[in-house]
Structure formats: C-alpha cells, structure tokens
Amino acid sequence: DVGGGSGGFSMTLAKAFPQLHATVLDFPNVCAVGEDFLALPENADVVDRVNFVGGNAVTSEFPANNDGVLMSYLSSSIGGHDMAKVYSKAFEATRPGGNLFVHDFMVENDFS
C-alpha cells in the first residue's frame with residue numbers, strides 16, 4: 001500500500017481477506033500514526049498481517065515480490081514528473097501476473 005497513510009485500506013482489506021498480508025509504505029511520521037491504529041483492540045485480528053515501512057514513494061525502494069500494489073490517492077499527490085517513476089517502481093515490485101490497484105481522482109490536464 002504505497003502512500004497508505006494510517007493503513008486504513010490495508011487493515012480493512014486484511015479483515016476481509018484473511019490470507020492477505022499488507023505492507024504500508026509512507027512517511028515515517030505517518031507510519032507511526034498507522035502503527036498506533038494497528039495496535040487498537042479492533043485491529044487485533046490483523047496485527048500480524050499488516051506492517052509499516054517508513055519511506056517516500058518517490059525516493060524509497062518498494063518492498064519486492066508482491067501479488068499486488070495499491071496506490072490510493074497517491075497519483076494526485078505527487079508531481080507529474082515523478083509519476084512515471086513511481087508507477088515503474090510499483091510494476092517492478094509486483095510479481096509476474098500481479099495487479100496494480102489505483103484508487104484516485106482521474107482528471108484531464110485542465111482539471112475537468
């Protein structure tokens with residue numbers, strides 16, 4: 001979950017899919033907030049399947065060998081010149097046959 005913030009999507013998906021293991025990559029201070037949420041009693045069933053890695057989507061290595069990579073609201077928060085780099089890193093971090101999941105605002109260049 002690149003740019004996964006507090007890990008809300010990862011925790012929700014892990015609850016829905018018991019075989020799912022998720023890694024959230026976000027800024028270290030954001031990961032600290034996510035780790036606090038993960039420690040709440042309502043997340044006890046996923047605490048061993050969701051982890052956090054502090055970093056930067058543009059400059060950090062992505063964890064490798066993933067069945068899928070989720071990028072939620074990441075494309076709209078990075079500059080256009082970095083977008084191709086981030087998508088390339090997501091592709092490289094995904095196993096052959098894996099999936100890239102993009103959840104974001106998709107707008108034209110004029111923001112329409």
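Computed from label points 7 Å out along Cα-Cβ, the spacing between Phe101 and Ser88 is 2.6 nm.
Shown here is the pair-distance distribution of the range 47-107: with all Cα-Cα distances grouped in 10 Å bins from zero up to the longest one, the shares run 21, 53, 23, 2 percent. Residues whose amide H falls under 5 Å from that of Phe27, counting only those 5 or more places apart or on a different chain, are Gly55, with hydrogens built in the peptide plane.
Take Thr23: with every protein chain present and a 1.4 Å probe, its accessible area is about 40 Å². In a reduced charge model with +1 at each Lys and Arg Cβ and -1 at each Asp and Glu Cβ, the range 63-112 shows a dipole moment near 240 debye about its Cα centre.
In this Cβ point-charge picture (+1 for Lys and Arg, -1 for Asp and Glu), the chain has a dipole of about 240 debye about its Cα centre. Fully extending the segment from Glu108 to Tyr73 would add 11.0 nm, taking 0.36 nm per residue of separation and subtracting the current Cα-Cα distance. Heavy-atom accessible area with a 1.4 Å probe sorts Glu42, Glu61, largest first, into Glu61, Glu42. Based on protein heavy atoms only, the chain ends up with 61 Å² per residue of surface accessible to a 1.4 Å probe. Apolar share of the accessible surface for the range 42-112: 54 percent from carbon plus sulfur atoms, 1.4 Å probe.
Which order do Met83, Met106, Met71 take when ranked by solvent-accessible area (1.4 Å probe, heavy atoms of all protein chains), largest first? List each step's numbers first, then the result.
Details: Met83 65, Met106 135, Met71 0 Å².
Largest to smallest exposure gives the sequence Met106, Met83, Met71.
Rounded to the nearest 20 debye, the dipole size of the range 1-52 about its Cα centre is 120 debye, using +1 on the Cβ of Lys and Arg and -1 on the Cβ of Asp and Glu.
Just checking the listed ones, Phe27, Phe91, Phe17: in the Gaussian network model of the chain with Cα springs under 10 Å, the one fluctuating most is Phe17. Ranked by solvent-accessible area (1.4 Å probe, protein heavy atoms only, all chains present), the residues Tyr73, Tyr87 order from largest to smallest as Tyr73, Tyr87. Principal-axis analysis of the Cα atoms of the chain puts helix 80-92 at an angle of about 50° to the longest axis.
The values are calculated or read from the model by the stated rules, or taken from the named source; none is laboratory data. Values in this document were obtained by computation on a predicted structure and should not be read as measured data. Don't worry about glycine lacking a Cβ; one is built from the backbone with ideal geometry, like all the others, and counts go over all protein chains shown. Side chains are part of the model used for accessible areas, which takes the heavy atoms of the whole protein and leaves out ligands, DNA and RNA. Shrake-Rupley method; radii C 1.70, N 1.55, O 1.52, S 1.80 Å.
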